[in-house]
Amino acid sequence: MQKKIPIFPLIVFFFILSVFFYLLIVDRNPSELPSNLINKNIPTFEAKSLISGKKFISTKEFKGETILVNFFATWCKPCRDEHDFLKKISDKKKVKIIGINYKDSSKKTVIWLKNLGNPYSDVLVDKKGRIAIEWGVYGIPETFVVNSNGIIKYRHVGAITGKIYKKISLIIDKNE
Amino acid sequence: MNRTNNFISKIIFIIFLSFVITQIPDISYSVEPDEILNNQNYELRARNISKNIRCVVCQNQSIDESNAPLAKDLRILIRNKIKEGRNDEEIYEFLTDRYGDFILLKPDINLNTFVLWFLPFCFLIFGIGIVIYHNKKSQ
């Protein structure tokens with residue numbers, strides 16, 4: 001007697017196989033962290049400015065123009081790596097970049113900016129990392145693009161590379 | 001005969017023991033002495049919330065177990081919120097608003113996570129169905 005080949009389990013097996021295969025070849029990054037703030041208003045916060053020493057109130061500053069927000073510290077190596085890209089963005093794109101100095105020494109930051117150049121229109125002090133939590137930051141460096149209505153349009157975790165620089169430039173152009 | 005019996009019972013005992021040992025939950029935690037609140041009720045609430053919050057940088061640990069700096073910041077933040085008089089729901093909401101559902105070790109049941117929660121049950125029912133169908137057929 002010839003044995004019947006079970007068709008149904010075979011179909012299920014190939015279905016599962018193709019799903020796994022699809023997930024294997026499709027371009028995705030499972031370690032990429034989800035963001036909950038895209039297309040939402042920026043969090044409200046207050047901080048001291050490292051440059052002017054004045055109080056910075058977010059609701060007053062994020063208005064009418066596209067602004068980049070960059071979390072950085074002098075102790076963070078990738079922050080040094082992306083510094084040139086930030087300078088390029090502030091030179092070429094003429095957008096304001098607000099740097100948030102995460103758990104760092106103010107003295108060291110001033111020297112750091114003097115040596116490497118300052119792409120920031122303002123640098124805010126976040127000694128305890130509370131502002132970073134408001135922004136849902138995982139680890140620095142992290143960069144956000146905020147449009148003229150104060151809405152977060154893009155977020156990048158990690159250092160800005162050539163590829164990310166192009167992406168950010170496109171988003172800035174689109175939101176202008 | 002007796003010796004082999006003895007040997008077998010020893011082996012069974014060792015297997016049993018190894019099961020018991022591996023089932024003992026890992027009770028380590030990373031809360032540092034300076035973080036602990038004086039009010040025991042508050043501290044207990046903070047510990048309970050911390051156990052449900054994922055340490056986003058280490059991903060498979062709760063912030064209660066992790067000694068990452070961000071986990072410590074979040075533990076302190078939770079304790080401060082409790083001291084301010086916020087209830088547990090408000091604290092969870094504060095965290096998910098910023099970090100998304102991802103920060104919950106046990107995700108809520110909502111439209112996005114519906115499949116995650118109920119697909120296993122569908123598979124179970126489906127499997128039982130197949131078994132019953134085959135049994136009937138072979139009878």
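The values are calculated or read from the model by the stated rules, or taken from the named source; none is laboratory data. These numbers were taken from a predicted model, which means no experiment stands behind them. All Cβ positions, even for glycine, are placed from backbone atoms using ideal geometry, and neighbour counts span all protein chains on display. The protein model used for the area step is the full one, side chains on, heavy atoms only, and it has no ligands, DNA or RNA in it. Shrake-Rupley method; radii C 1.70, N 1.55, O 1.52, S 1.80 Å.
Does A:ARG28 meet the test of being open to solvent by 100 Å² or more (accessible area, probe 1.4 Å), under 22 Å from A:HIS156 (Cβ atoms) and either under 14 Å from the mean Cα position of the chain (by Cα) or free of Cβ contacts under 8 Å to residues at least 12 places away in the same chain (or both)?
Values: open to solvent by 100 Å² or more (accessible area, probe 1.4 Å): yes; under 22 Å from A:HIS156 (Cβ atoms): yes; either under 14 Å from the mean Cα position of the chain (by Cα) or free of Cβ contacts under 8 Å to residues at least 12 places away in the same chain (or both): yes.
The answer is yes for A:ARG28.
Taking the criterion of being charged (D, E, K, R) and within 12 Å of chain B (Cβ to nearest Cβ), the residues of the stretch A:115-141 that qualify are A:ASP126, A:LYS127, A:LYS128, A:ARG130, A:GLU134.
Candidates are the residues of the stretch B:96-110 that are touching a Lys or Arg at 6+ places or on another chain (Cβ under 8 Å) and either part of a helix (DSSP H, G or I) or without any contact (Cβ under 8 Å) to a residue 12 or more places away in the chain (or both); the one that is farthest from the other protein chains (Cβ to nearest Cβ) is B:ILE103. Hey, among A:LYS108, A:LYS103, which residue is within 14 Å of chain B (Cβ to nearest Cβ), open to solvent by 50 Å² or more (accessible area, probe 1.4 Å), more than 26 Å from A:LYS63 (Cβ to Cβ) and not aromatic (Phe, Trp, Tyr)? On inspection, the qualifying residue turns out to be A:LYS103. Taken together, the residues in the stretch B:35-87 that are within 14 Å of chain A (Cβ to nearest Cβ) and farther than 23 Å from A:TYR138 by Cβ amount to 1.
The sole residue among A:LYS128, A:LYS94, A:LYS103 that is more than 24 Å from B:GLY100 (Cα to Cα) and either out of contact with any strand residue (DSSP E or B) (no Cβ under 8 Å at 6 or more places or on another chain) or basic (Lys, Arg) (or both) is A:LYS94.
Does B:PHE126 fit the bill of being more than 14 Å from chain A (Cβ to nearest Cβ), open to solvent by 60 Å² or more (accessible area, probe 1.4 Å) and of a type in the set (Phe, Trp, Tyr)? If you could, list the steps in order and put the result at the bottom.
Working: more than 14 Å from chain A (Cβ to nearest Cβ): no; open to solvent by 60 Å² or more (accessible area, probe 1.4 Å): yes; of a type in the set (Phe, Trp, Tyr): yes.
The answer is no for B:PHE126.
Would you pick out the residues in the stretch B:57-80 that are among the charged types (D, E, K, R) and either open to solvent by 20 Å² or more (accessible area, probe 1.4 Å) or farther than 19 Å from B:LEU44 by Cβ (or both)? Walk me through it before giving the result.
Restricting attention to the stretch B:57-80, the residues satisfying the condition of being among the charged types (D, E, K, R) are B:64-65, B:72-73, B:75, B:79.
Scanning the stretch B:57-80 gives B:GLU65, B:LYS72, B:ASP73.
Just to verify a result, which residue in the stretch A:37-56, among those that are over 16 Å from the mean Cα position of the chain (by Cα) and part of a loop (DSSP other than H, G, I, E, B), is surrounded by the most Cβ atoms within 10 Å (Cβ to Cβ)? For the stretch A:37-56, the residue satisfying everything is A:LEU50. The set of residues in the stretch A:57-84 being of a type in the set (A, V, I, L, M, F, W, C), buried (at least 20 other Cβ atoms within 10 Å of the Cβ) and away from chain B (no Cβ under 14 Å) consists of A:PHE62, A:ILE67, A:LEU68, A:VAL69, A:PHE72, A:CYS79.
Out of the residues in the stretch A:118-153 that are hydroxyl-bearing (Ser, Thr, Tyr) and open to solvent by less than 30 Å² (accessible area, probe 1.4 Å), state the one that is nearest to B:LEU74 (Cα to Cα). Spell out the reasoning first.
Residues of the stretch A:118-153 that are hydroxyl-bearing (Ser, Thr, Tyr), as a first pass: A:120-121, A:138, A:143, A:148.
From what's left, open to solvent by less than 30 Å² (accessible area, probe 1.4 Å): A:120, A:138, A:143.
Details: A:TYR120: 28, A:TYR138: 11, A:THR143: 21 Å.
So the residue we want is A:TYR138.
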